[in-house]
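Structure first, then comments.
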Amino acid sequence: MSATTIPSNIDDPINAQILAVSEDRVQGFTRFPLTQIAEAAELPLETIIERIGAMLEAGTIRRVRQTLLATSLAPGALVAWKVPPKQLLSAFDFMFKEDPFSGHVVLRTTDKETPGSQYKLWTTLKVPKPYSMEKHCEYLCQQTGAEAFKLLPANKLFALGVGHVRRKELQPGDRTEEPGRVLDTKIVELTDREWRVLMALKREFEPSELQEDLWAPRAEEAGESLADFCEIAESLNQRRVIGRFSTFLEHVKKHKDGARVTKFNALFHWRVPEGKELEAGQEVGRHLCMTHAYWREGGPEFSNVNIMGVSHGTEKDKVLAHKAAIDQHLEEAGIPVSYTNVFWGGQSEIKPSEISPIAYRAWCEERGLDVEAMKN
């Protein structure tokens, strides 16, 4: 089949079969990730390579890469920004284009005026040790005209995964039998050699790079033998630094065929009693509609909410039905919710956050910033 006739849309049955696995089912470091996808999807390896390559070329898949558990590698936070309306779009562009340490960049609104609704720009941020998130945000304020920011670091994580293709068929209340797992945010210290391997490991794959043995060229790139490269990657995996091998769908913008994976991106907020955060987070995290769930302290700016999570959908009513099912489940689990809210995502851009201290030093030098002054 020629490249021009290989289906690249998500509704193609074979592509859907692949994506149901490749989005978030290949966890950790594995020696032959595309082979693992082929086995789980019950398709030939050649088909996997061909179809993922075609979807990547068409923009249906926006990137293919080995993800990292960045919360274990660099201090991070969700950041809410208060920006004057006239500067909102330029601030959005700066965060996306000029700051490699900001990842998700999203404009959010609420259905009515609520605590925190004046914070309309939201980003994720990673600032490698020993540099300061606070100082980094102060610099971004100077560059964008932002009047204020609120750092919302995660105390714990309860759900991490995407699986948009599988989630399309979910019904409100669908959840796992077991509570969501608790992921820590403790930082793992790495050597320069481990950083070199990690940087080669996480770089996105171009369509031409897709092959059975993905890691041999990356080992060479890192200046390691293949055996040493894989040994270091396995060690990092055991230390819970490695995330999943994933094909990331373009789930915000329209695909070439006009299809959209999701239309509504909702950030849910809940306030639960002090001491109930872990239990509540696990109960929220077990709901399959949730792509992320965290324990974050919102403070008075956000009515002291402490559990947050993200869910996506093509219909607003369906997204709200998912949330209503979670609200009911929390009540049935004996976890009272004294306040809740939804921040709806509008314009958004997504890129992996840079997490290397080497990259941070280089960025500071490029910007004319005193590297030492940016430290904690």
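The values are calculated or read from the model by the stated rules, or taken from the named source; none is laboratory data. Since the structure is predicted, the reported quantities are computational estimates derived from the model, not experimental observations. Heads up, the Cβs are rebuilt from the backbone with ideal geometry, glycines too, and the neighbour counts pull from every protein chain shown.
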Next item on the list: Tell me which of these G334 doesn't satisfy, since it passes every other one: (1) surrounded by 14 or more Cβ atoms within 10 Å (Cβ to Cβ); (2) at pLDDT 95 or above; (3) over 19 Å from K112 (Cα atoms).
Entry: (1)
Item checked: Residue check for G103: crowded, with 18+ Cβ neighbours inside 10 Å, in a strand (DSSP E or B) and touching a residue at least 40 places away in the same chain (Cβ under 8 Å) -> yes
Checklist line | Criterion (out of contact with any Leu (no Cβ under 9 Å at 6 or more places or on another chain), of a type in the set (G, A, S) and buried (at least 21 other Cβ atoms within 10 Å of the Cβ)) met by exactly one of S235, S246 | finding: S246
Margin query: Looking only at residues that are of a type in the set (S, T, N, Q) and within 16 Å of V342 (Cα to Cα) in the stretch 271-313, which one is surrounded by the most Cβ atoms within 10 Å (Cβ to Cβ)?
Written below: S311
Next item on the list: Please verify whether the stretch 257-273 includes one or more residues that are more than 21 Å from L78 (Cα to Cα) and modelled with pLDDT of 95 or more.
Entry: yes
Note to self: Yes or no: the stretch 226-247 includes at least one residue that is in a loop (DSSP other than H, G, I, E, B) and on the phi > 0 side of the Ramachandran plot.
What the structure shows: yes
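Looking at the stretch 209-234, which of its residues are small (G, A, S) and in contact (Cβ under 8 Å) with a residue 40 or more places away in the chain?
Narrowing the stretch 209-234 to residues small (G, A, S): 216, 219, 222-223, 225, 227, 233.
Answer for the stretch 209-234, where residues must be small (G, A, S) and in contact (Cβ under 8 Å) with a residue 40 or more places away in the chain: just A233.
Applying the selection to the stretch 8-41, what residues are among the acidic types (D, E) and over 18 Å from the mean Cα position of the chain (by Cα)?
Within the stretch 8-41, the first condition is being among the acidic types (D, E), and the residues that meet it are 11-12, 23-24, 39.
Passing the criteria: D11, D12, E39.
With Q66, Q118, Q36 as the choices, which residue is assigned to a strand (DSSP E or B), polar (S, T, N, Q) and either in contact with a strand residue (DSSP E or B) (Cβ under 7 Å, 6 or more places away or on another chain) or touching a residue at least 24 places away in the same chain (Cβ under 8 Å) (or both)? Explain how you work it out, then say what you get.
On the way: Q118 fails: assigned to a strand (DSSP E or B); Q36 fails: assigned to a strand (DSSP E or B).
Unique residue meeting the criteria: Q66.
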Next item on the list: Please find, among V79, V105, the residue that is among the β-branched types (V, I, T), within 16 Å of F302 (Cβ to Cβ) and within 20 Å of the chain's Cα centre (by Cα).
Entry: V79
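Which residues, counting only those in the stretch 176-218, are aromatic (F, W, Y) and part of a helix (DSSP H, G or I)?
W195, W215
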Next item on the list: Those residues that are outside any helix (DSSP H, G or I), under 21 Å from G345 (Cα atoms) and either free of Cβ contacts under 8 Å to residues at least 24 places away in the same chain or hydrophobic (A, V, I, L, M, F, W, C) (or both), I need them from the stretch 69-100; list them, please.
Entry: A77, L78, V79, A80, W81, V83
Next item on the list: Can you work out which of the residues in the stretch 1-19 that are modelled with pLDDT of 90 or more and not in a loop (DSSP other than H, G, I, E, B) is farthest from Q66 (Cα to Cα)?
Entry: P13
Margin query: For the stretch 264-369, give me every one of the helices (runs of 4 or more DSSP H) that falls completely inside it and has 3 or more residues that are among the acidic types (D, E).
Written below: 277-285, 316-332
